[in-house]
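Since the structure comes first, as structure tokens, the remarks are kept for the end.
Any read-out appearing in this document is the output of simple, stated calculations on the displayed coordinates, not a laboratory observation. From a predicted model like this one, the values you see are computed outputs, not experimental measurements. Neighbour counts are summed over all protein chains in view; Cβ atoms, including those assigned to glycine, are modelled from backbone coordinates with ideal geometry.
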Amino acid sequence: MFLCVSKNILINQLKEHDENIPIFNHHFLTINPNDMNTSRRSFIQKTALVIAGSSVLSKSLLAAAVPKHITGIQLYSVREDMKKDPLATLRALADMGYKYVEHANYVNRKFYGFDAKEFKKILDGHGMKMLSGHTVMGKDHWDAAKKEFTDAWKYTVEDAAVVGQEIVISPSLEAGLRKTYDDMLRYMDVFNKSGELCKKSGMRFGYHNHSFEFSQSLNGKQLYDIILENTDPSLVAQQLDMGNLYGTGANAYEIVKKHPGRFISMHVKDEIKAKEGETESAYESTILGVGVANTKAVTDLGKKSGTLHFIIEQESYQNKSPLDCAKEDLKIMKDWGY
């Protein structure tokens with residue numbers, strides 16, 4: 001008689017990977033009592049240890065399978081610093097405790113002046129990762145006659161994979177692509193096709209909202225609803241910018257509540273009333289938690305309903321330096337439990 005100490009769920013998972021692999025190669029122990037020159041008490045003690053080990057292993061494997069929430073910063077928050085000295089700026093962010101960044105600069109196949117391999121090496125040197133980035137996918141990226149992406153977009157996806165991204169995000173939708181309802185439907189199909197292209201490299205395509213998606217309608221439907229209804233969630237991730245929509249009448253909390261699981265990523269942002277004439281919008285971003293955007297509540301709801309990437313973004317600074325704001329924002333997020 002043999003005693004195999006394991007859990008069925010773990011055995012099944014391992015055999016799905018390779019049914020020919022012996023169980024003992026995966027830290028499961030098979031014990032033959034007849035072959036053991038030992039007392040009954042010793043046998044029971046050893047068996048108990050194996051069972052305990054099996055439990056620890058189960059928890060370890062299950063924990064590894066749970067997606068990880070990350071807190072990062074959109075580098076547009078420190079855009080002038082990145083323009084002047086990207087290396088020093090990344091070093092300063094790393095010293096603050098940032099481990100994840102999101103880019104907003106990809107020009108001529110370079111991130112902030114560095115090719116994908118170079119930029120990844122720089123990030124690695126600071127103990128940082130870049131799991132997402134912003135590059136507008138526009139009309140020049142899709143050849144409607146050939147029904148395929150142009151090299152420019154193929155390179156965008158290729159370089160995103162090299163640098164280690166999980167999501168390739170388009171942070172806007174050109175006005176010429178949303179003139180009519182049919183225009184929108186056609187381009188939502190392109191969104192899904194971009195998702196298929198990204199999937200080949202183990203990534204997803206993503207979309208990031210501004211405000212027009214909530215203030216413009218076609219055929220009686222809000223643009224954002226058209227986007228959500230006509231994109232495949234398995235291919236196209238949504239990055240909700242809770243600050244950009246503030247002032248349009250849309251409610252970020254209610255949107256997340258209505259569409260649980262759709263917002264894999266969020267731009268965590270707070271808003272205050274802007275001084276007249278200072279910005280195009282009636283509101284501008286500010287330090288997290290001091291504005292009126294209900295930021296913590298929206299963020300917490302996102303965490304409960306499927307959001308994995310929490311990306312800090314602050315674009316206005318109220319006479320503080322962008323780097324000082326970035327430091328304050330990260331501390332506040334940590335205080336909130338992120």
For this session: If a/c stays under 1.5 just call it rounded; otherwise compare a/b with b/c (prolate if a/b is bigger, oblate if not). Do that for segment 70-335, with a ≥ b ≥ c from the square roots of the Cα gyration tensor eigenvalues.
Result: oblate
Exercise. How about segment 252-295: which trypsin sites (Lys or Arg not before Pro) there lie in a loop by DSSP and see at most 10 other Cβ atoms within 10 Å?
Worked result: K275
For this session: Just tell me which lysines come within less than 23 Å, Cα to Cα, of K110; anything on the same chain fewer than 8 places away is out.
Result: K83, K84, K99, K120, K121, K129, K139, K154, K199, K200
For this session: Could you tally the net charge around G125, taking each other residue with its Cβ under 15 Å from the Cβ of G125, Lys/Arg +1 and Asp/Glu -1?
Result: +3
For this session: Under a cut-off of 16 Å between alpha-carbon atoms, report the aspartates and glutamates in cross-link reach of K146, not counting same-chain residues fewer than 8 places apart.
Result: D189
Seminar exercise, completed: Total charge of the residues flanking V107 in space, meaning their Cβ is under 12 Å from its Cβ, with Lys and Arg +1 and Asp and Glu -1, is +1
Exercise. Which entries of K117/K296; K275/K327; K257/K320; K68/K320 show an alpha-carbon separation above 28 angstrom in the structure shown?
Worked result: K117/K296; K257/K320; K68/K320
